[in-house]
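Scroll down for the structure; my scribbles are underneath it.
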Amino acid sequence: MKTRSLIRGALAAMLVVAAAACGTDAPDGAGAGGAAGAGASAGGAQSASPATLSAGDSVEFIATEFSFTPTQLVAEPGSYSGTLVNQGTIEHDITFDNGEKIVAAAGESVDFQFEVPAEGVRFFCSIPGHEDAGMSGMITTSATPAAAPADAHATAATEMAVEADPNAPPYEYRDPRAPARGEGEGFTLTAGGAPDGGDLIDVEMVIEEKQATVAEGFVQQIWTFNGTMPGPVIRTQVGDTVRVHLVNPPEATVSHSVDFHASQVAWNDEMRSIAPGEELVYEFTTEYAGVWMYHCGTDPVLHHIANGMFGMVIVEPAGGLPPMENEFFIVQHEWYLGPQGEVSSFAKANQAAPAPDFVMFNGAAFQYKDHPIEIPTGEEVRLFVLDVGPSIDSSFHIVGTIFDNVIKEGIHLQRGNEGNWGSQAVDLSPAQGAVIELKAAEDGLYPMVTHAFNFPGRGAVGLLQAGDGQP
Ligand SMILES: [Cu+2]
């Protein structure tokens, strides 16, 4: 158990290192290191309290790859006893700006004494690269100059720094198992029920604006279809009719709409926005197979997508894909943090070169690193993968595997093709999807990433666990 989580930690750390060259554009606590640190401290109620420390108090500094918890403390000047708890898989130190340095090996805890001078003190890990990756923090006093940067690496690249909230609830785990055709809460599949005599899938789709934890420590007011981000996966076959009953409830704060890429309808008819308290019916017959995006199309579309209003429609060929026992859906998307408890930042999302605070799979940063997806060893596994952006591509890759059957936007790489061509990564621009099949050759862990390697450290990393995860 312990060993396994260490292995996972090591893998994740390896991936984060590559992403961490200089996380300077992330707000303090919100970037690569901050996100990982918040994750590492999940459930730990200790020491992240913002209460003022008094001389003589004991302070615990938890170090991991690559963050400290806590990162911001308020203290009276004076002498303190500290403990450096290294929960990481490599050595870390805590170095104070006045030169004091305490080193702890992986898994080790070291007690020490330290001084908080009148003007406060900054601390960081002095091992090369670690500070840039996020390992720094600040102890402020009432005499700390207001202009003093809490993080020497903070820049003006983002409009605001959003602090992790140690009291934020854990994110809601999203089961990545793909549903069966017509399966879903509030969905009804009626054989022969469509006007053209085909099968009908009724979909009850209610817009819900709600609070959700998008990454450990960060709660946002997200906008959803049926209460989840991504919205429900709708699975059909070519020839099915989908009848969506869209409800924008009276308590909603803004108008919303839905745009199904799997449909061919007039933009100013079915895709029209509806005000709170209104409803509409959006009906379409699926003519083309694929992994399709749906999203709210209400202006600014960028913000409605960036704030959670997206989902996947799987359209299989008539008669269905060859049955496969293990099928999962993965939706990659970005998150641009707004203030705690508020909607995501439109200003950040709207940059010509956007720098998301998080890039994630299925609504929560790092969730499948925390909870690996279990797969059988040596058996084909099928993934339905969709990049919904709003603005950043995915280079979808699973470390240690080769994709041998890929259908991306209508183009098919077939298993057993002449020449035995294979695929290492599937490039998906925003609003592109693919069916991807692969197998794990042996028991062990297989990290799932976007191979645009500035993003795994911001949440776009998960694990497939074959067998018990032990090679
Ligand atoms: Cu909307």
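The values are calculated or read from the model by the stated rules, or taken from the named source; none is laboratory data. Note that this is a predicted model, so its numbers are computed, not measured. Don't worry about glycine lacking a Cβ; one is built from the backbone with ideal geometry, like all the others, and counts go over all protein chains shown.
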Residue identified as crowded, with 20+ Cβ neighbours inside 10 Å, under 26 Å from the mean Cα position of the chain (by Cα) and within 16 Å of the ligand (Cβ to nearest atom) among G290, G338: G338
From the options G308, G277, residue that is surrounded by fewer than 19 Cβ atoms within 10 Å (Cβ to Cβ), modelled with pLDDT of 95 or more and not in a strand (DSSP E or B): G277
M324 being out of contact with any helix residue (DSSP H, G or I) (no Cβ under 8 Å at 6 or more places or on another chain), of a type in the set (A, V, I, L, M) and surrounded by 17 or more Cβ atoms within 10 Å (Cβ to Cβ): no
Checking V203 against (1) in a strand (DSSP E or B); (2) under 26 Å from V461 (Cβ atoms), the condition it does not meet: (2)
Condition check for A452: free of Cβ contacts under 8 Å to residues at least 12 places away in the same chain and either in contact with a Pro (Cβ under 9 Å, 6 or more places away or on another chain) or in a loop (DSSP other than H, G, I, E, B) (or both): no
Selection within the stretch 201-251 - in contact with a Gly (Cβ under 9 Å, 6 or more places away or on another chain), of a type in the set (G, A, S) and within 27 Å of P170 (Cα to Cα): A212, A215, G217, G231
Residue in the stretch 296-304 that is under 20 Å from the mean Cα position of the chain (by Cα), under 15 Å from Q220 (Cβ atoms), part of a loop (DSSP other than H, G, I, E, B) and touching a residue at least 12 places away in the same chain (Cβ under 8 Å) present: no
Members of the stretch 230-271 that are within 13 Å of the ligand (Cβ to nearest atom), assigned to a loop (DSSP other than H, G, I, E, B) and touching an Asp or Glu at 6+ places or on another chain (Cβ under 7 Å): N248, A252, T253, M271
In the stretch 365-383, the residues that are surrounded by 24 or more Cβ atoms within 10 Å (Cβ to Cβ), touching a strand residue (DSSP E or B) at 6+ places or on another chain (Cβ under 6 Å) and not in a helix (DSSP H, G or I): A365, L383
Count of the stretch 282-305 residues which are of a type in the set (A, V, I, L, M) and more than 15 Å from I234 (Cβ to Cβ): 3
Selection status of T228, within 24 Å of the chain's Cα centre (by Cα), within 24 Å of E278 (Cα to Cα) and among the hydroxyl-bearing types (S, T, Y): yes
